[in-house]
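Data first, discussion second: the structure below is written as structure tokens.
The values are calculated or read from the model by the stated rules, or taken from the named source; none is laboratory data. None of the values given here were measured: they were computed from a predicted structure. Here the Cβ is made from the backbone with ideal geometry for all residues, glycine too, and neighbour counts use every protein chain on show.
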Amino acid sequence: MKISEATAFVRTPIIQWARPQSWCDLGCGRGTFTMALAHSLAPGSTVYAVDLDQKALEGIPERYHGVAIRKVLVDLRSPGLRLPSVDGILMANSLHFIQYQHLFLRKLLSVTNRFLIVEYERSKPSPWGPYPVGFDRLCELFREAGVENVVKLATRRSRFGGTLYSAFAELPLRNIPPLDAPVGSTLDYHPRTA
């Protein structure tokens, strides 16, 4: 997918793009969606490009369209994963590599309340997507994490076969779990009241 196509695929009027923000691109690979996100964000923004492939990270520029790109070499499945608090998290074709997706999403809710997701509309595991996340499954996972607002943004055919979808999910700020909640915990949390 070209950067311009990726930009159009994840861009949504739900996000206020005009102000500088910080985002994480988890499982960024060679950075197609990192640069798509940077293209959409206001100058002065920061994108943390997170991946376990050193060579892929080396090919991503330090700046793109006035947006700083900070590269982070780490395996998303690592129990020691630490992320900065950000305005949002983008996961393009990476959630299907996470076995305990509901716990992972709960952990991510400690650093943000917004998500852009790109995934395949599949339900059967494969070597390229061992833990598939079709849109219905994505909605179920976010509901389990306390996020009710999940919107499908777009779909398109994949050059590898099948259909890709993009989605936006957001937890209202008053419902974000406390930051001191145990990471990876299966404990239920009580939403904060305004």
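Only one of these conditions is not met by Val50: (1) touching a Cys at 6+ places or on another chain (Cβ under 8 Å); (2) not in a strand (DSSP E or B). Which number is it?
(2)
Please give the number of the condition Ile14 fails out of (1) closer than 24 Å to Leu109 by Cβ; (2) touching a helix residue (DSSP H, G or I) at 6+ places or on another chain (Cβ under 6 Å); (3) surrounded by fewer than 18 Cβ atoms within 10 Å (Cβ to Cβ).
(2)
Got a sec? Which of Ser78, Ser110, Ser85, Ser123 is among the hydroxyl-bearing types (Ser, Thr, Tyr), part of a loop (DSSP other than H, G, I, E, B), under 17 Å from Ser45 (Cα atoms) and out of contact with any Phe, Trp or Tyr (no Cβ under 9 Å at 6 or more places or on another chain)?
Ser85
Hey, among His39, His102, His96, which residue is free of Cβ contacts under 8 Å to residues at least 40 places away in the same chain, under 27 Å from Ser123 (Cβ atoms) and assigned to a helix (DSSP H, G or I)? Write out each step before concluding.
Numbers: His39 fails: under 27 Å from Ser123 (Cβ atoms); His102 fails: free of Cβ contacts under 8 Å to residues at least 40 places away in the same chain.
Being free of Cβ contacts under 8 Å to residues at least 40 places away in the same chain, under 27 Å from Ser123 (Cβ atoms) and assigned to a helix (DSSP H, G or I) holds for just one of His39, His102, His96, which is His96.
Being under 18 Å from the mean Cα position of the chain (by Cα), surrounded by 16 or more Cβ atoms within 10 Å (Cβ to Cβ) and under 9 Å from Cys28 (Cβ atoms) narrows it down to one of Ile89, Ile60, so name that one. Walk me through how you get there before you give the answer.
Working: Ile89 fails: under 9 Å from Cys28 (Cβ atoms).
Step by step, each of Ile89, Ile60 is checked, and only Ile60 is under 18 Å from the mean Cα position of the chain (by Cα), surrounded by 16 or more Cβ atoms within 10 Å (Cβ to Cβ) and under 9 Å from Cys28 (Cβ atoms).
Residue check: is Val133 surrounded by 17 or more Cβ atoms within 10 Å (Cβ to Cβ), at pLDDT 80 or above, assigned to a loop (DSSP other than H, G, I, E, B) and in contact with a strand residue (DSSP E or B) (Cβ under 8 Å, 6 or more places away or on another chain)?
Answer is yes for this residue.
Go through (1) out of contact with any strand residue (DSSP E or B) (no Cβ under 9 Å at 6 or more places or on another chain); (2) over 29 Å from Gly162 (Cβ atoms); (3) exposed (fewer than 14 other Cβ atoms within 10 Å of the Cβ) and name the single condition Ser110 misses.
Every listed condition holds for Ser110 apart from (3).
Can you find a residue in region 25-34 that is in contact with a helix residue (DSSP H, G or I) (Cβ under 6 Å, 6 or more places away or on another chain), assigned to a strand (DSSP E or B) and either closer than 17 Å to Val86 by Cβ or not small (Gly, Ala, Ser) (or both)?
Checked against the condition, which is being in contact with a helix residue (DSSP H, G or I) (Cβ under 6 Å, 6 or more places away or on another chain), assigned to a strand (DSSP E or B) and either closer than 17 Å to Val86 by Cβ or not small (Gly, Ala, Ser) (or both), region 25-34 yields at least one hit.
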